[in-house]
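> Have a look at this one before I ask anything.
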Amino acid sequence: MAIQKVALLGADGNLGPSVLSALLSHNFTVTVLKRASSTSPSTYPSGVSVIKIHDSFAVESVTEALRGQDAVITTVRGKGPQTDLQHRIALACVAAGVQRFIPSDFGSVDSSSQWTMDLVPLYKNKTDARNYAAELAEQNQAFSWTSLVCGHFFDWSLDFLHIYPQRRSMDILDSGEQKWSASTLFRIGEATARILLHPDETKNKIIYVQSFCVTQNEVIKAFERATGKEWERVEYEAKQYEVEEKRKADAGDAGAVENLIWMLGALDADWRGKENFAMGLLGLEDEDLDEAVRKVVEEKGLV
Ligand SMILES: NC(=O)c1ccc[n+]([C@@H]2O[C@H](COP(=O)([O-])OP(=O)(O)OC[C@H]3O[C@@H](n4cnc5c(N)ncnc54)[C@H](OP(=O)(O)O)[C@@H]3O)[C@@H](O)[C@H]2O)c1
């Protein structure tokens, strides 16, 4: 059945606004779900309803909030308690008769990759949320899920991508020739909305999209063109980098965990060969890298 009414949890985070705006541009009827204690402003475009839910997100109260919704999307960080939160939301979807659940995946990397699971156990939270939804879907024919894996957010945090415009420098792994898929926030929002326009083809699947699939060498050159200056390459031998950052991550260094995610997103994230690489299905085409870099440079006031 066509999806019309969509509930979104996480509308005020890094990704949520792009998803909200794409849903509205495709004329979905949107309800934003928020924690009762949320301090983010509830000023959304007209037509968007807001439901506040007690912070405990008890399944019964979430179920009440979700009655009448066709789909639920969560764009909250997928760590610890949030994973449990997603389990409760998935259960509430089933109880309220919601057709489609899109859990908070949106990974830099594919959490089902063994390399990723070995290096960054945190990703297990994403796999858990997805597996739980898959179990529920097996038991309940009316319920289904879709996960979206998009690669690194390209226009979110340059630091996270190890791109340092202030000192015109970028970290490069090995020869910098490995291709990696990355997505702009706009692309991820759009892909999420289009999943709901194709409920049958995207049912119970991990879907992969990108804005482009590029090498680090191509990215640094694009920043050089956009800023009109030469940039410094800081080169790392990937295997040695992996070993050192893993050792630090195992000792509790959160920065090292982010470094490992950056590394995996640059070495193990070419979605083009994936079975569910859904660019064609969703009617999406690659974006232009130079254009995306120019936008980032302008928006962040770097020229
Ligand atoms: N691929 C990449 O490069 C990349 C980068 C970043 C994030 N991600 C992924 O994208 C997804 C969204 O991340 P994000 O950075 O957009 O998230 P975020 O900004 O950290 O959080 C989004 C929103 O979630 C709400 N929230 C947080 N904890 C909650 C809780 N316990 N209960 C209810 N609501 C809660 C908050 O809303 P209120 O404060 O209004 O309550 C917040 O505005 C995650 O799956 C994340 O792992 C991927």
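The values are calculated or read from the model by the stated rules, or taken from the named source; none is laboratory data. All figures in this text were calculated on a predicted structure; none of them were measured in a lab. As a convention, Cβ positions derive from the backbone with ideal geometry for all residues, glycine included, and neighbour counts pool all protein chains shown. Heads up: the accessible areas ignore ligands, DNA and RNA and are worked out on the full protein's heavy atoms, side chains in. Shrake-Rupley method; radii C 1.70, N 1.55, O 1.52, S 1.80 Å.
> At 1.4 Å probe size, with the rest of the protein present, what percent of the exposed accessible area of the stretch 5-299 is carbon and sulfur atoms?
48
> Whole number please: convex hull volume per residue, Cα atoms of the stretch 19-151, in Å³.
112
> Which ³J(HN,Hα) values in Hz, rounded to whole numbers, follow from the phi angles of the stretch 204-209 under the Karplus curve 6.51 cos²θ - 1.76 cosθ + 1.60, where θ = phi - 60° and Gly and Pro get x?
6, 9, 8, 10, 10, 9
> For the stretch 210-266, which trypsin sites (Lys or Arg not before Pro) pass both filters: DSSP loop (anything but H, G, I, E, B) and at most 12 other C-beta atoms within 10 Å?
Filter output for the stretch 210-266: K229.
> Same structure again: Once the principal axes of the Cα atoms of the stretch 5-299 are found, what is the range along each, listed largest first in whole angstroms?
Sorted largest first, the three principal extents are 56, 40, 39 Å.
> Pull up all non-local amide H partners of W145: gap of 5 or more, or a different chain, and H-to-H distance under 5 Å with H placed in the peptide plane.
It is F101, N204, K205, by chain and number.
> A follow-up question, please. Size of the dipole of the stretch 5-299 about the Cα centre, Lys and Arg at +1 and Asp and Glu at -1 on the beta carbon, nothing else charged, in debye to 20?
Roughly 900 debye for the stretch 5-299.
> Of all the stretches in the chain, which is the longest one without any exposed loop site, taking GluC sites (Glu not before Pro) in a DSSP loop (any state but H, G, I, E, B) with at most 13 other Cβ atoms within 10 Å?
Value returned for the longest uninterrupted segment is 1-176.
> Mind checking which of T127, W231, L260 is farthest towards the positive end of the chain's charge dipole, using Cβ charges of +1 (Lys, Arg) and -1 (Asp, Glu) about the Cα centre?
Result: T127.
> Starting from 0.36 nm per residue, how many nanometres of slack lie between E230 and K248 once their C-alpha separation is accounted for?
Result: 3.3 nm gained on full extension.
> Please list, in chain and number order, the residues 5+ apart from F212 or on another chain whose amide H is under 5 Å from its amide H, with Hs placed from the backbone.
A182, E287
> For the chain, modelled as a GNM with alpha-carbon contacts under 10 angstrom, which of A142, A266, A71 fluctuates the most?
A142
> If you take every residue apart from D290 with its C-beta less than 14 Å away from the C-beta of D290, what net charge results, scoring Lys and Arg +1 and Asp and Glu -1?
Neighbour charge sum, excluding D290 itself: -4.
> What does the accessible area per residue of the stretch 5-299 come to in Å², with a 1.4 Å probe and no ligands, DNA or RNA counted?
43
> DSSP loop (so not H, G, I, E, B), at most 15 other Cβ within 10 Å: list which trypsin sites (Lys or Arg not before Pro) in the stretch 96-158 pass both filters.
Sites meeting the loop and neighbour criteria: none at all.
> If you don't mind, there's one more thing I want to ask. Using a Gaussian network for the chain with springs between C-alpha atoms less than 10 Å apart, which of these wobbles most: H162, H152, H54?
H54
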